[in-house]
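Trainee: Sharing a structure with you now.
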């Protein structure tokens with residue numbers, strides 16, 4: 001989603017701001033801008049439609065310099081992508097603002113401000129905030145006082161950073177529903193929506209809490225809570241070395257991240273487990289909470305929702321624990337009957353997914369025995385606000401379409417299944433079998449990666465197509481859903497997934513020679529039923545692409561192309577087959593010429609509803 005970078009220093013900051021924006025490009029955006037206060041407190045502005053590179057060109061052609069500044073990458077919500085709608089927004093040639101989030105009452109505020117003579121130059125909801133701030137300053141408030149009065153009128157979500165030519169050393173910020181972090185320097189301080197934007201200047205951070213407001217100067221950081229009272233927030237030092245995000249020999253980040261999965265899977269398992277899976281892998285107090293768990297409620301969005309659906313099969317079949325899985329945006333807005341002894345499990349790559357975070361916050365304290373989050377980003381909002389935490393070790397994921405974050409989530413969920421299962425009668429032999437499968441998983445994924453050339457050849461049949469069906473049975477239905485999601489995300493081919501048994505209940509009407517059908521068909525007990533489903537497709541002129549265990553007995557024949565997959569334990573197959581479907585989607589997208597790493601209209605981290 002949108003990215004914020006801000007700086008209050010005693011040195012020139014334009015390159016710091018631009019580098020911060022470059023580090024946030026992976027999140028997805030359509031325009032970029034930067035505002036600086038120079039040595040005479042003049043407000044200088046660049047805004048460009050398109051990539052950060054366009055902003056860099058504008059800065060090179062007309063250099064702006066200053067020690068205080070804000071910058072932004074925008075992902076359009078209100079108002080089309082354009083230079084006029086790009087941030088920062090300015091009012092009275094005095095104050096500039098950048099905003100992440102959505103202001104729900106912007107229409108009423110705009111009408112009010114227009115009645116007071118303010119003219120709007122954009123179609124965004126954000127511009128109302130900068131004009132409200134200008135009005136408060138004109139009425140005599142200082143910058144922090146103006147911010148306090150304005151945020152009290154806003155409905156919705158926001159992370160804000162503001163500079164004012166009358167307060168040239170200050171950057172004032174506020175957060176509600178969108179993340180904002182402070183970077184602590186020596187004689188300088190920073191602000192950003194993501195710590196990654198600031199890793200080139202500091203390794204010390206303060207994570208603001210809901211309702212916090214902050215004023216940074218080169219010499220000081222002042223934080224105030226929702227009531228306006230001064231407050232101290234914990235400082236965090238990130239000790240690990242900054243991870244390289246270079247492409248290396250790969251053409252795209254997505255392909256690089258697909259190939260990083262053997263390492264990421266091993267790191268996720270080995271960081272917290274050896275020959276057995278300890279409760280402590282899930283955080284302090286996990287043993288006490290797990291002892292009281294009688295059911296699990298999983299809440300997630302997008303790809304993380306699919307990992308939760310896989311986990312439901314594991315939890316119910318292997319651990320004997322009832323499990324419900326729900327999309328976070330639906331979970332929040334319905335009345336529900338909660339089983340006693342339920343653990344709330346949220347899953348999020350970024351740890352900032354707005355709907356998932358809101359679901360955690362809306363969950364009543366008496367409804368659940370505790371909350372566990374599986375996330376890939378330490379110190380994210382979900383991590384800080386959950387009782388228990390399991391951090392995956394996927395590393396930085398730049399590609400918008402999730403790959404290694406998804407498969408490491410599945411590793412974490414299988415480990416969670418073992419932790420609950422041993423409390424519910426899972427035999428020691430079965431526990432060891434699952435641990436062995438997790439240990440060998442990187443090897444099975446590596447074998448799948450060696451099929452890359454064969455998968456690329458299969459992908460050529462999809463280039464002229466506009467639609468596709470994905471089929472799977474049992475635990476492989478959510479794998480089919482994830483495969484369909486990847487194909488639509490990066491190749492823009494419409495793709496749907498169905499349980500294979502539902503084929504004759506509607507989707508069969510779509511099958512013809514222009515509708516390729518992808519089947520996830522490992523050699524499990526549902527194989528024979530799946531074979532009959534696939535025959536229904538072929539008999540109606542459909543072309544089949546079957547990903548099958550090499551021992552399953554499928555062979556290629558007219559209108560059926562079979563990709564023999566590595567033979568591996570049943571519990572490993574959802575991960576192994578997912579990797580093959582990731583490669584299929586990648587090669588289709590490359591051959592169609594789409595932007596693989598930054599597909600249109602999508603953002604890496606969805607921090608607004």
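Here, each number is a calculation from the coordinates, and none is a lab measurement. Keep in mind it's a predicted model, so treat the numbers as computed, not measured. Reconstructed Cβ throughout: ideal geometry from the backbone, glycine too, with neighbour counts over all protein chains shown.
Trainee: Spin-label point model (7 Å from Cα, Cβ direction): what's the residue 502 to residue 514 distance in nm?
Mentor: According to this spin-label approximation, the distance is 2.4 nm.
Trainee: Now a separate question. Quote the FRET efficiency, to the nearest 0.05, computed for residue 234 versus residue 428 with a Förster distance R0 of 35 Å and r equal to the Cβ-Cβ distance.
Mentor: Computed FRET efficiency for residue 234 and residue 428: 0.30.
Trainee: Compute the angle between helix 261-270 and the longest alpha-carbon principal axis of the chain, please, reported from 0 to 90 degrees and rounded to the nearest 10.
Mentor: 90
Trainee: Something else now. With r defined as the distance between the Cβ atoms of residue 337 and residue 454 and R0 fixed at 30 Å, what FRET efficiency is calculated, to the nearest 0.05?
Mentor: E between residue 337 and residue 454, to the nearest 0.05, is 0.05.
Trainee: Here's another thing I want to ask about it. Out of all DSSP beta bridges in the chain, what portion is antiparallel? Express it as a percent rounded to 5.
Mentor: Among the beta bridges of the chain, antiparallel pairing accounts for roughly 60 percent.
Trainee: Once a ≥ b ≥ c are taken as the square roots of the eigenvalues of the Cα gyration tensor of region 197-352, is the result rounded (a/c under 1.5), prolate (a/b larger than b/c) or oblate (a/b not larger than b/c)?
Mentor: Oblate is the answer for region 197-352, as a/c is 1.5 or above yet b/c matches or exceeds a/b.
Trainee: Percentage of Cα-Cα pair distances in region 3-237 greater than 21 Å, rounded to whole percent?
Mentor: Here the long-distance tail beyond 21 Å is 50 percent of all Cα pairs in region 3-237.
Trainee: Kindly identify region 247-438 as rounded, prolate or oblate by the Cα gyration tensor criterion: order the square roots of the eigenvalues as a ≥ b ≥ c, call it rounded if a/c is under 1.5, otherwise compare a/b with b/c, prolate if a/b is larger, else oblate.
Mentor: oblate
Trainee: Using percent of Cα pairs over 35 Å apart as the read-out, say which of (1) 43; (2) 40; (3) 47 was calculated from these coordinates.
Mentor: Working out percent of Cα pairs over 35 Å apart from the coordinates points to (1).
Trainee: On a 0 to 90° scale, report how tilted helix 476-491 is relative to the longest principal axis of the chain, with both axes built from alpha carbons and the result rounded to the nearest 10.
Mentor: Computed tilt is about 50 degrees.
Trainee: Taking 0.36 nm per residue of sequence separation and subtracting the Cα-Cα distance, how much length would be gained by fully extending the chain between residue 567 and residue 219, in nm to one decimal?
Mentor: That pair, residue 567 and residue 219, stretches by 119.2 nm at full extension.
Trainee: What's the ranking of 215-221, 302-308, 186-192, 412-418 by average number of surrounding C-beta atoms within 10 Å, highest first?
Mentor: Packing proxy ranking, top to bottom: 302-308, 412-418, 186-192, 215-221.
Trainee: To the nearest whole percent, what portion of all C-alpha pairs in region 374-452 is separated by more than 15 angstrom?
Mentor: 67
Trainee: Can you give the extra length, in nm with one decimal, that the chain gains between residue 12 and residue 141 once fully stretched, where that is 0.36 nm per residue apart less the Cα-Cα distance?
Mentor: Between residue 12 and residue 141, full extension yields 43.6 nm more.
Trainee: Another question about this same structure. Given a Förster distance of 35 Å, report the FRET efficiency between residue 93 and residue 200 from their Cβ-Cβ distance, rounded to the nearest 0.05.
Mentor: Once the sixth-power term is evaluated, E becomes 0.65.
Trainee: Continuing with this model, one more query. Can you give me the angle between helix 302-317 and the longest principal axis of the chain, using Cα atoms only, in degrees from 0 to 90, rounded to the nearest 10?
Mentor: 40
Trainee: Measuring from label point to label point, each 7 Å out along Cα→Cβ, what is the residue 250 to residue 105 span in nm?
Mentor: The two pseudo-label positions are separated by 4.6 nm.
Trainee: For the ranges 97-106, 546-555, 482-491, what's the packing order if you count other beta-carbon atoms within 10 Å of each residue, average per peptide, and put the highest first?
Mentor: Descending mean neighbour count gives 482-491, 97-106, 546-555.
Trainee: Moving on to the next point. Going by the alpha-carbon gyration tensor, a ≥ b ≥ c the square roots of its eigenvalues, is region 286-393 rounded (a/c under 1.5) or, if a/c is not under 1.5, prolate (a/b greater than b/c) versus oblate?
Mentor: It comes out rounded by the Cα gyration axes.
Trainee: How much mean residue ellipticity at 222 nm does the chain get from its helices, if each DSSP H run of length 4 or more adds -39500 (n - 2.57) and you divide by all residues, to the nearest 500 deg cm²/dmol?
Mentor: Counting only the DSSP helices, I get -10000 deg cm²/dmol.
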